[in-house]
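Trainee: Just dropping this structure here.
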Amino acid sequence: ERERYLSPEWIGLEPATPDSSGSASLKTDAGLLSVHLTLAGDTIKAIYITGDFFADEAAVAAMERSLRWHPAAQEAVQKTLTTLAQHEGVALPHIPPDVVARAIEMASDAAKRQESAALAKGCFVNP
């Protein structure tokens with residue numbers, strides 16, 4: 001099986017779903033919240049939460065880790081963030097889970113717009 005993953009065919013294989021990336025910033029009572037993410041279809045492939053708010057670095061990392069390979073739908077994101085806050089005490093101080101979920105939704109929408117714009121351009125490009 002190792003040979004399969006080392007083969008040129010496997011290494012050069014294009015993903016069935018292209019990646020798209022987006023970012024968004026949202027002003028909160030605790031400071032600016034910024035989200036940068038990469039989507040694979042409707043799934044969060046990678047996410048980075050930053051801003052000028054004060055938070056435990058481990059909490060931010062735990063949130064990012066729990067949202068990797070997670071559905072991008074706002075309801076699913078908000079449910080996961082609320083569960084983390086209630087059951088594990090993982091949250092951003094003074095930034096409710098629904099506000100974080102809204103910022104993630106905005107970044108996801110930006111990624112989808114970028115993907116749509118790229119597809120639209122493909123139809124009208126002259127070689």
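Trainee: Hand me the list of strands (runs of 3 or more DSSP E) wholly inside the range 1-97 holding 2 or more residues that are among the small types (Gly, Ala, Ser) and open to solvent by 60 Å² or more (accessible area, probe 1.4 Å).
Mentor: Fully inside the range 1-97 and qualifying: 19-28.
Trainee: For the range 28-37, does any single residue satisfy the condition of being under 14 Å from Ala107 (Cα atoms) and among the small types (Gly, Ala, Ser)?
Mentor: Yes.
Trainee: From the list Ala72, Ala76, pick out the single residue that is small (Gly, Ala, Ser), under 26 Å from Glu115 (Cβ atoms), touching an Asp or Glu at 6+ places or on another chain (Cβ under 8 Å) and at pLDDT 95 or above.
Mentor: Just a single option satisfies the conditions, and that option is Ala72.
Trainee: Of all residues in the range 1-27, which are of a type in the set (Ser, Thr, Tyr), touching a helix residue (DSSP H, G or I) at 6+ places or on another chain (Cβ under 9 Å) and more than 20 Å from Ser66 (Cβ to Cβ)?
Mentor: Once the filter is applied, which keeps residues that are of a type in the set (Ser, Thr, Tyr), touching a helix residue (DSSP H, G or I) at 6+ places or on another chain (Cβ under 9 Å) and more than 20 Å from Ser66 (Cβ to Cβ), the range 1-27 yields Tyr5, Ser20, Ser25.
Trainee: Only residues in the range 69-95 that are over 14 Å from Leu37 (Cβ atoms) count as the first member; pair them with residues that are open to solvent by 50 Å² or more (accessible area, probe 1.4 Å) and assigned to a loop (DSSP other than H, G, I, E, B), Cβ under 6 angstrom, at least 6 apart or cross-chain, and list the lot.
Mentor: His94/Asp29
Trainee: Among residues belonging to the range 1-27 that are more than 11 Å from the chain's Cα centre (by Cα) and modelled with pLDDT of 95 or more, point out the one that is farthest from Ala62 (Cα to Cα).
Mentor: Lys27
The values are calculated or read from the model by the stated rules, or taken from the named source; none is laboratory data. Computed from a prediction, not measured in an experiment: that's the story for all the values here. Because the Cβ atoms are built from the backbone with ideal geometry, glycine has one as well, and the counts that use them run over all protein chains shown. The area values use the complete protein model at the heavy-atom level, side chains included, leaving out ligands, DNA and RNA. Shrake-Rupley method; radii C 1.70, N 1.55, O 1.52, S 1.80 Å.
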